Amino acid sequence: MGRTSTRARRLTARLMSARSGPDARFGVRLLTTVVVTALVSVPFALALVLVESQWAPLHRLDQGAAERLHSAALAHPAWVRVLDFLTHVVWGPLTMRLLVAALVVWLLVRGAVRLALWAAVTAAGGGLLGLLVKNAVERARPHLPEPVAQAPGFSFPSGHAMTAMTSCAVLLLALLPLVPRAWRPVAWGLAVVSVVGVGYTRVALGVHWVSDVVGGWLLGLAVVTATTLAFEAWRSDVGRSRTTPAQGLEPELVADHPEPPAGVSERP
């Protein structure tokens, strides 16, 4: 009887150890990632439902904003040229993607392979998801008298807004450890101005509704949340401490790679 009891205790101890082992911890982190991503995706899902159901208050908001901004654009042709330059050159998707691509190459050169992979997956995955949602919803763009700009494709969510959100988040979270603490509010401010600014240009030029822009922001935020939590799970697996958005994704980037020797890279 004593031997049986001892064996039972040993078996129980082994089971408890297995439950608290690496696989169990990974399962908890995976569940946390799924739950948090789902919660962050709720606002986008709500926006999608309201757009698809053509909710009257949202329609009035979209229509009113479009008409007011369109009237202002017709009255100020020079301002239209500024908006067009900002939306296509300064904050355009091509510019944002080139910046992220340059970041990925730079991270690879410094040996930060996993951070480079996170940046590439976030940017590419976000762009693909936005395109899939846009073609699934098939929302028409605004039709305004005397349009000051044209854009191809469907309207919801705004690809410019989503690309700005994901790209600015990638650049900010990856490079923040290299920014002196005193200048970090400036970096955050530039990111916010870029994201909000490109959204404004799309509505002011009459090629998107307000809800298209908000939908792009929300979907981009959900994508960044999901990939960032996955990156944090990897950090935990390799024994690195958790970070906060104020620190950036990999604070060790400065200490780990001050001047990497040629040919040396981080193990994937």
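The values are calculated or read from the model by the stated rules, or taken from the named source; none is laboratory data. Computed from a predicted model, the values in this text were never measured in an experiment. Positions of Cβ are generated from backbone atoms using ideal geometry, with glycine treated the same way; all protein chains shown enter the neighbour counts.
Please go through the range 120-159 and give me each residue that is among the hydrophobic types (A, V, I, L, M, F, W, C) and free of Cβ contacts under 8 Å to residues at least 12 places away in the same chain, ordered by number. Correct list: 124, 128, 132, 136.
Is it the case that some residue within the range 164-172 is surrounded by fewer than 24 Cβ atoms within 10 Å (Cβ to Cβ) and either in a helix (DSSP H, G or I) or of a type outside the set (Val, Ile, Thr) (or both)? Checked the range 164-172: at least one residue is surrounded by fewer than 24 Cβ atoms within 10 Å (Cβ to Cβ) and either in a helix (DSSP H, G or I) or of a type outside the set (Val, Ile, Thr) (or both). Considered as a group, the residues in the range 205-217 that are in contact with a Leu (Cβ under 9 Å, 6 or more places away or on another chain) and part of a helix (DSSP H, G or I) include one that is surrounded by the fewest Cβ atoms within 10 Å (Cβ to Cβ), and that residue is 210. Tallying residues that are of a type in the set (Val, Ile, Thr) and touching a helix residue (DSSP H, G or I) at 6+ places or on another chain (Cβ under 6 Å) within the range 122-140 yields 1. Which number in (1) within 26 Å of residue 150 (Cα to Cα); (2) in contact (Cβ under 8 Å) with a residue 60 or more places away in the chain marks the one condition that residue 108 misses? Residue 108 satisfies every listed condition except (1). Inside the range 149-174, residues that are closer than 22 Å to residue 186 by Cα, in contact with an Asp or Glu (Cβ under 8 Å, 6 or more places away or on another chain) and at pLDDT below 95 make up a count of 1.
State whether one or more residues within the range 44-51 are touching a Leu at 6+ places or on another chain (Cβ under 7 Å), more than 30 Å from residue 174 (Cβ to Cβ) and surrounded by fewer than 19 Cβ atoms within 10 Å (Cβ to Cβ). Yes, there is a match, as at least one residue in the range 44-51 is touching a Leu at 6+ places or on another chain (Cβ under 7 Å), more than 30 Å from residue 174 (Cβ to Cβ) and surrounded by fewer than 19 Cβ atoms within 10 Å (Cβ to Cβ).
Does the range 98-118 contain any residue that is closer than 19 Å to residue 214 by Cα and crowded, with 16+ Cβ neighbours inside 10 Å? No, because not a single residue in the range 98-118 is closer than 19 Å to residue 214 by Cα and crowded, with 16+ Cβ neighbours inside 10 Å. Within the range 86-101, identify whether any single residue is over 20 Å from residue 217 (Cβ atoms), under 21 Å from the mean Cα position of the chain (by Cα) and not β-branched (Val, Ile, Thr), and answer yes or no. Yes, the conditions are met somewhere in the range 86-101.
Within the range 149-191, the set of residues being of a type in the set (A, V, I, L, M), under 18 Å from the mean Cα position of the chain (by Cα) and closer than 18 Å to residue 212 by Cα comprises 161, 162, 164, 165. Find the residue count for the range 163-190, including only residues that are closer than 18 Å to residue 40 by Cβ and free of Cβ contacts under 8 Å to residues at least 24 places away in the same chain. Of the residues in that region, 0 qualify.
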